[in-house]
1. Sort region 56-95 into rounded, prolate or oblate with this rule: let a ≥ b ≥ c be the square roots of the eigenvalues of the Cα gyration tensor; rounded if a/c is under 1.5, and if a/c is not under 1.5, prolate when a/b is larger than b/c, oblate otherwise.
2. Can you tell me, using C-alpha contacts under 8 Å and at least 6 residues apart, the relative contact order of region 69-144 as a whole percent?
3. If you fit an axis through the alpha-carbon atoms of helix 44-67 and take the longest principal axis of the Cα set of the chain, what angle between them do you get, 0 to 90°, nearest 10?
4. If neighbour count is taken as other Cβ atoms inside 10 Å, put 85, 123 in order from fewest to most.
5. Can you tell me how region 69-144 classifies by the Cα gyration tensor, rounded, prolate or oblate, using a/c under 1.5 as the rounded cut?
6. Roughly what would the spin-label model give for residue 131 and residue 93, points 7 Å off Cα along C-beta, in nm?
7. For region 13-64, what class follows from the C-alpha gyration tensor (a ≥ b ≥ c being the square roots of its eigenvalues): rounded when a/c is under 1.5, otherwise prolate if a/b is larger than b/c, else oblate?
8. Relative to the longest principal Cα axis of the chain, at what angle does helix 13-38 sit, 0 to 90 degrees, rounded to 10?
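What follows is calculated from the coordinates using simple rules that are stated; it is not laboratory data. Quick caveat: nothing in here was measured; it's all calculated off a predicted structure. Neighbour counts run over all protein chains shown; Cβ positions are idealised from the backbone, glycine included.
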């Protein structure tokens with residue numbers, strides 16, 4: 001039986017996700033204000049988007065961070081995540097083709113990186129890890145994924 005993954009993302013992941021929520025709900029609020037001024041729909045769209053802004057910006061990043069778990073185990077890489085429904089994926093070592101790290105603009109500013117594990121069927125990400133942890137994880141996955149015993 002495989003143990004539940006226990007490793008978490010970097011605490012700064014909450015801030016990166018909060019910026020994303022702020023941008024989304026901020027843009028929706030601006031659009032709602034413009035629609036309310038041009039149309040006869042009233043101000044209820046603005047109230048809805050402001051409520052979304054006030055609730056989702058602090059809540060969604062916290063819930064996402066608490067639910068995101070990953071671990072490197074004997075059978076493979078175990079990833080569990082989800083906001084409303086939790087999804088758990090086990091990537092067997094024999095399926096890993098290559099692994100890489102990526103760093104977007106926000107990740108660079110928070111000294112974070114995302115590990116991307118590629119298989120023939122697609123890719124799996126472990127986002128928003130501390131840069132050093134991401135590099136160590138990438139190297140460890142690359143080492144454990146080797147299938148040639150003479151390598």
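1. Values: a/c = 4.45, a/b = 2.95, b/c = 1.51.
Prolate, because a/c is 1.5 or more and a/b exceeds b/c.
2. Values: 115 pairs, mean separation 17.2, N = 76.
About 23 percent, as a whole number.
3. 20 degrees
4. Sorted ascending by nearby Cβ count, the order is 85, 123.
5. Numbers: a/c = 1.80, a/b = 1.24, b/c = 1.45.
The shape class here is oblate.
6. Roughly 3.0 nm, to one decimal.
7. Working: a/c = 5.44, a/b = 2.58, b/c = 2.11.
Here region 13-64 falls in the prolate category.
8. Taking Cα atoms only, the helix is inclined about 30 degrees.
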